[in-house]
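None of the figures in this text is laboratory data; all of them are computed from the coordinates on show. Not measured: the values here are computed from a predicted model. Quick reminder, even Gly has a Cβ in these numbers, built from the backbone with ideal geometry, and neighbours come from all protein chains shown.
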Amino acid sequence: MQERWQGVDLNKFPGGGLELGEGLLECIHREIAEEFSSSEKLAYSHFFTPTECFASRFKPQEQLLLNYFTNSAEADEQQWSLIPNDPNLLGIQWLELKAENAQWFTLQSDKDAFLKLLEA
């Protein structure tokens, strides 16, 4: 997705941070509901967690632990749209699963996850 975060335009996977007491799958379902107005229910499964540590680009004093998930069936692009009236949600871009498309992502962690997805 294309998103503006703290004034910076990013090309990224959808997602966000865990809330207190929330599990990973609960977080995914909540984040998808917060960002998309209509979407299919998907069966998520974990496929990648980077093993190196790194600081948040926006909060350098904080370390991030990222987890990437995929779903078991191909998504129907027509079922997905961003929630209206959020100026930070700029667009959706569906990418063909080709190595060169990893360069579309702004954040290195998302580039790495996209390449890992090609191996799955």
Please build a GNM for the chain, connecting alpha carbons under 10 Å apart, and tell me which residue among G15, G23, G91 fluctuates the most. G23
Give the total of Lys-Lys pairs in the chain with Cα-Cα distances below 17 Å; include a pair only if its members are 8 or more places apart or on different chains. 5
Taking a spot 7 Å from the Cα of K41 along the direction of its beta carbon, which residues of region 67-87 have an amide N less than 15 Å from it? 72-73
With θ set to phi - 60°, apply the Karplus curve 6.51 cos²θ - 1.76 cosθ + 1.60 along region 11-27 and write out the HN-Hα couplings as whole Hz, x wherever there is a Gly or Pro. 9, 8, 6, x, x, x, x, 5, 9, 3, x, 9, x, 4, 5, 4, 4
Say R0 is 22 Å: what FRET efficiency, to the nearest 0.05, do E26 and L66 get from their beta-carbon distance? 0.85
First check a/c for region 55-120, with a ≥ b ≥ c the square roots of the eigenvalues of its C-alpha gyration tensor; if it is under 1.5, answer rounded, and if not, answer prolate when a/b is larger than b/c or oblate otherwise. oblate
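Let me check I've understood the local charge: for D9, count other residues with C-beta under 15 angstrom from its C-beta, Lys and Arg +1, Asp and Glu -1. What total comes out?
Details: positive: R4, K12, R57; negative: E3, D86, D110.
Here the charged neighbours net out to 0.
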Amide H partners (placed H, <5 Å) of I92, local residues excluded: Q2
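Residue separation times 0.36 nm, minus the C-alpha to C-alpha distance between Q2 and L90: what's the value?
31.2 nm
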If neighbour count is taken as other Cβ atoms inside 10 Å, put H29, H46 in order from fewest to most. H46, H29
If you work out Rg/Rh (Cα atoms, Kirkwood Rh) from the coordinates, which of (1) 1.24; (2) 0.93; (3) 1.02 do you get? (2)
Note down the nm distance, to one decimal, between modelled labels 7 Å out along Cα→Cβ at L18 and at F54. 2.0 nm
